[in-house]
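Data first, discussion second: the structure below is written as structure tokens.
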Amino acid sequence: MQLFISDLHLSAQRPEANERFIDFLEEKARSAQTLYVLGDLFEYWIGDDDLADPFNAVMAGLFAALTRGGTRLYLMHGNRDFLLGDRFCNATGAELLTDPTVMDVLGTKTLLMHGDTLCTDDVDYQQWRRTARSAAWQKEFLAKPLDERRSTIVGLREKSKEVIQAKPAEIMDVNEDAVRDALRRHGVSRLVHGHTHRPGRHALEVDGRRCERWVLPDWYGRGGYLEIAGAAPRLVRF
């Protein structure tokens, strides 16, 4: 059984989501061969040197217990936690995936993405993403003290909320041409991603091939996961 989650946005300020996540790890995930976390595990991540923070340490410990129990753990960067690095992976037993990545999931080649690069109509976000993913920006940011980094990120989040409220909803969803291009470029018929907080299954055709796009639930609301245990994937909402 393979499990896929994303957009948990874990934070000490969201105890209900944290409890759902802990239950999920200690029950469902323990019976899985593999757990894929496709981005935005944390509400924000300011660098692996913040791993000593009590909340972060607890979450890392839960992941470590999961991997020690035999479940393979893959992580992918999201737009909130793209500074997760080797230290976090070493502490948890996780393997970091590039975005995008094609994996063989029980015999089906599956394209895994966080999903933000598919939202090509949101030009302002794509410009910010290129800046934040650059080595120069990250080097400068990580050189700052933890408290300053945290303050900067909180300020950026508040600004982002204002910007999002002013944008039409369709701009922040995936662009269908970008989806088709991704499926075509990687030669697969299944795509799994998060980011948009619009869970569901979408059927489409690409060059005469029947394809499917699975969007993972966010955990701001009920939360949930995608389970692939046989031929047919199953989207589960809590």
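The values are calculated or read from the model by the stated rules, or taken from the named source; none is laboratory data. Nothing here was measured: the structure is a model prediction, and the numbers come from that model. Note that we place each Cβ from the backbone using ideal geometry, even for glycine, and neighbour counts take in every protein chain shown. Each accessible area value is taken on the protein alone, full model and side chains, heavy atoms only, with ligands, DNA and RNA left out. Shrake-Rupley method; radii C 1.70, N 1.55, O 1.52, S 1.80 Å.
A few notes on this one:
- Among the residues making up the range 195-238, those that are closer than 24 Å to Asp122 by Cα and among the small types (Gly, Ala, Ser) are Gly200, Ala203, Gly221.
- Qualifying residue in the range 140-149 (condition: closer than 24 Å to Leu75 by Cα, modelled with pLDDT of 95 or more, surrounded by 14 or more Cβ atoms within 10 Å (Cβ to Cβ) and touching a His at 6+ places or on another chain (Cβ under 8 Å)): no
- Qualifying residue in the range 161-174 (condition: open to solvent by 50 Å² or more (accessible area, probe 1.4 Å) and at pLDDT 95 or above): no
- Any hit, the range 121-131, residues being surrounded by fewer than 12 Cβ atoms within 10 Å (Cβ to Cβ), touching a residue at least 12 places away in the same chain (Cβ under 8 Å) and out of contact with any His (no Cβ under 6 Å at 6 or more places or on another chain): yes
- Failed condition for Gly93, given (1) among the small types (Gly, Ala, Ser); (2) within 19 Å of Ile153 (Cβ to Cβ); (3) in contact with a strand residue (DSSP E or B) (Cβ under 9 Å, 6 or more places away or on another chain): (2)
- Being modelled with pLDDT of 95 or more, among the small types (Gly, Ala, Ser) and touching a Ser or Thr at 6+ places or on another chain (Cβ under 9 Å) is a condition met by no residue of the range 43-58.
- All positions within the range 73-98 that are acidic (Asp, Glu) and either buried (at least 16 other Cβ atoms within 10 Å of the Cβ) or in contact (Cβ under 8 Å) with a residue 40 or more places away in the chain (or both): Asp81
- If you filter the range 115-152 down to residues that are among the β-branched types (Val, Ile, Thr) and under 20 Å from the mean Cα position of the chain (by Cα), you find that the one that is nearest to Val102 (Cα to Cα) is Thr117.
- Residue ID - nearest to Arg184 (Cα to Cα), chosen from residues in the range 109-120 that are open to solvent by less than 50 Å² (accessible area, probe 1.4 Å) and in a strand (DSSP E or B): Leu111
- Output for the range 185-238, where each listed residue is open to solvent by 40 Å² or more (accessible area, probe 1.4 Å) and of a type in the set (Lys, Arg): Arg185, Arg198, Arg201, Arg209, Arg210, Arg222, Arg234, Arg237
- Checking every residue in the range 99-106 against the condition of being within 30 Å of Leu51 (Cβ to Cβ), out of contact with any strand residue (DSSP E or B) (no Cβ under 7 Å at 6 or more places or on another chain) and open to solvent by 40 Å² or more (accessible area, probe 1.4 Å) gives zero matches.
- Matching residues in the range 207-238 - criterion: being on the phi > 0 side of the Ramachandran plot and assigned to a strand (DSSP E or B): Gly224
- Residue check, Ala29 in contact with a strand residue (DSSP E or B) (Cβ under 6 Å, 6 or more places away or on another chain), at pLDDT 95 or above and open to solvent by less than 30 Å² (accessible area, probe 1.4 Å): yes
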